[in-house]
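One structure is given below, encoded as structure tokens.
The values are calculated or read from the model by the stated rules, or taken from the named source; none is laboratory data. Please read all numbers here as calculations on a predicted model, not as lab measurements. Note that we place each Cβ from the backbone using ideal geometry, even for glycine, and neighbour counts take in every protein chain shown. Accessible surface areas use protein heavy atoms only, side chains included; no ligands, DNA or RNA. Shrake-Rupley method; radii C 1.70, N 1.55, O 1.52, S 1.80 Å.
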Amino acid sequence: MSKNLIIPLVSIAGIGPKRAKAFAKRGIKTIEDLCYYFPRRYEDRRKLIKISQLIEGEIQTVRGTVLAVGQRRSFKRWLTITEVAVGDASGKIFCVWFSQPYLKNYFKPGKEIILYGRVERYGKRLQLNAPEFEFIEDEVKDLTRIIPIYPAVEGTSQRYLRRLIEDVLDEYLPSLHEILPYNIRTRHNLFNLAKSLRVIHFPGDENEQKEAYRRLSFEEFFIFQIPILLRKLRYASQPGITHQSQGKLASLIQESLPFRLTSAQLRVWEEIKLDLASSKPMHRLIQGDVGSGKTIVAFLAGFFALEGGHQVAFMVPTDILARQHYENIRGQEKIKISLLTSSLDKKEKTKIYKEIKEGKIDLIIGTHALLEEGVKFKNLGLVVIDEQHKFGVSQRALLPQKGNSPDILIMTATPIPRTLAITLYGDLDISIIDELPPGRKPIKTLWLELKERKIAYDLCLEQLKSGCQAYIVYPVIEDSYILDIAGAKKMYAQLKEGIFRGVNIGLIHGRMKQKEQEEVMQDFKEKKLSVLVSTTIVEVGLDIPTATCMIIEHAERFGLAQLHQLRGRVGRGEAESFCVLLSDAYTMEAQARMTAMKNFSDGFKIAEEDLRIRGPGEFFGERQHGLSELRIANPLTQLHLLKAAREEAKQLLKADPNLEESAHLPLREKLLQRFPEYEKLTIVG
Ligand code: ADP
Ligand code: MG
């Protein structure tokens, strides 16, 4: 879109600083944002149903006249109940709101109103609980068309939003620049931009809306792919490091392992070796389910690079995990391995900084602390980023910048389906470890209600008897009265004195001192503790094979990927393992998550379920790249469109890598505005 829409909202008459602020909360800062503020649903006001024809249990829209308004208090709960009776020629329906006493003043008998909500029946009485509503005043126009309903913006009504957006479209669409090149639009039969924006807000019919949606999704995919493709081109054009290594050290380590690598691990290791030995810089993503054994493969890569005379940096999201990796790998002869976390004091840090800079440390394992400015390498040759989904894009980019085009290996246990991965992580090569080490038994997953907690504890005690260990995870440290959930700290005290009396039980959470955390972890590892009460601090990477029981309290508070990660802390040994989800899961979504956990153990399946239940934006979370920026397109349901957009983007960049042709200037402008890093990417040559 052309620059002329990057106009602040306050330039519109009637939008002052206060309104602008409310809009900004929704991410709307400019006229352009307003054009791209898509409806959440539509209402076809040409075909409203009569009250007598409403279907019980369904969400419907109905029009009527306010007949009466009342307000009362409930006995038990100190709530105000507002009741409004609405009627049309065919019948009557009641609307009920709790705790919103001010509503009473809105409704005046005789007013025309449109209601939207789930229709319920109590005896003879039809009722809508807290429906959405809009008064019809002088808007004949809106009664003769399909109208958009937007996600609410504080302090504005639907009618106001609708008018505002329509006015903006009227004024600005005629001068709008198209950003998709003409030939691409014709090839894929896409609406032009002005038309698609008009239609997405005010569709004439369902088909038209679908076409507008297709065009705007295509655009989003297209714009989203360009930086990815450019990055890939750039990687390919840079000279990387050819590691001069015979692979002897890695072989030695491999032979000294108490197990043999699975064929999936071997395959991935071969792929990595080729990358390391080649002159192109490696940018490889290892996807592998929890417990599939990614760490060892990464370490083999590390030893390979070390033998070739380069330094290796291994970054993980938590101190605990950094320490675990460090403990597992240290003690190799002739190799200097160190640990760098934020809990080190200044003196220790300075010493490590110096050693890294002088090349005295070969392999450094650490957390975000590795990203600090003081960390400078002598000759960084390989960067490993474990649990990449825990880092932001910019963080992931920082570590490699401390070297001269080092090889990069990224690992994730939050896998996404391969087809999707290829397009979304198009700048990376992908290796998949799709096999678990032999002898792992499937984890038995149970979903119990909170009142059945005792069953979970009994199961846990049973496990302890046979010498196994257990985690009990809480969503918060302190109790929350507002959310009505128990916290780890208090439950720890209760369990210790109650059902787990006589059992060695420990507590760990993120607000404890680093030293204390380490001691507790060490005790758990050495089996001095049998039960570990914790928060999600144990979520990623922990590897204690004798732990066989995981109880997750208030499991509905966790996302599916997170639950899967937590469950992955057990089932790491030969013994049978259990995971108990304690949850009353009130919402449909929470129930779907619990059910998915019960039914699926495969991380890829879980990821797919999660995408299905939650939609892509939420799945990838705030800090993740790209996907969460997609406002309208859905890569799961529109995979074909995504592929087509990617293909077109490829062709376009081939022909005009810096988007210098005049027909591509609006696109270039848009990219510059959306992606701050874009300018840097275009010097491909
Ligand atoms: P993740 O992929 O989740 O990071 P880890 O690398 O932590 O998994 O490995 C999980 C556990 O499996 C570790 O205890 C590791 O030593 C062990 N392991 C890894 N590969 C194998 C294998 N081929 N055979 C048996 N055990 C293995
Ligand atoms: Mg791991």
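Annotations for the structure displayed:
- With protein chains left intact and a 1.4 Å probe, residues in the chain average 47 Å² of accessible area per residue.
- Share, in percent, of DSSP beta bridges within segment 90-133 that are antiparallel, nearest 5: 65 percent
- Fraction of antiparallel bridges per DSSP, the chain only, in percent to nearest 5: 40 percent
- For segment 22-157, share of DSSP beta bridges that run antiparallel, in % to the nearest 5: 90 percent
- Placing unit charges on the Cβ atoms of the charged side chains and taking the dipole of the chain about its Cα centre, the candidate lying farthest along the positive direction among G123, L380, F224 is G123.
- Loop sites in segment 401-441: trypsin sites (Lys or Arg not before Pro), DSSP, at most 13 other Cβ within 10 Å: none
- Of the GluC sites (Glu not before Pro) found in segment 42-90, the ones in coil according to DSSP and having at most 12 other Cβ atoms within 10 Å of their Cβ are E56, E58.
- Ignoring lysines fewer than eight residues from K465 along the same chain, the ones with Cα atoms less than 21 angstrom from its Cα are K441, K444, K454, K496, K525, K527, K528.
- Range of Cα positions in segment 43-153 per principal axis (Å), largest first: 44, 32, 27
- Each label point was placed 7 Å from the Cα along the Cα-to-Cβ direction; for R163 and E348 their separation is 6.5 nm.
- For I477, nonlocal amide neighbours, meaning residues 5 or more places apart or on other chains whose placed amide H falls under 5 Å from its own, are A488.
- Part-to-part distance (alpha-carbon centres) for segment 284-314 and segment 419-441, which is given in Å: 15 Å
- Rg/Rg_ref, segment 388-460, where Rg_ref = 2.2 N^0.38 Å and atoms are Cα: 1.74
- For I430, the residues 5 or more places off, or on other chains, whose built amide H falls under 5 Å of its own are L285.
- Estimated distance in nm for a label pair at L266 and K441, the labels positioned 7 Å out from Cα along Cα-to-Cβ: 2.8 nm
- For P545, the shell of other residues with beta-carbons less than 9 Å away shows a net charge of -1, using +1 for Lys and Arg and -1 for Asp and Glu.
- Between helix 639-655 and the chain: long-axis angle, C-alpha atoms, 0 to 90°, nearest 10: 70 degrees
- The relative contact order of the chain comes to 12 percent, based on Cα pairs under 8 Å that sit 6 or more residues apart.
- Coordinate range of the alpha-carbon atoms in segment 215-325 per principal axis, descending: 56, 32, 30 Å.
- For the chain, the fraction of 1.4 Å probe accessible surface lying on carbon and sulfur atoms is 52 percent.
- Segment Y122..Q246, full-extension length gain: 36.8 nm, with 0.36 nm per residue of separation and the alpha-carbon distance subtracted.
- Extent along principal axes [Cα atoms of the chain; Å; largest to smallest]: 88, 72, 44
- 9 Å beta-carbon shell around R185, net charge (K/R +1, D/E -1): +1
- Within-13-Å neighbourhood charge of Q127 [Cβ basis; K, R +1; D, E -1]: +2
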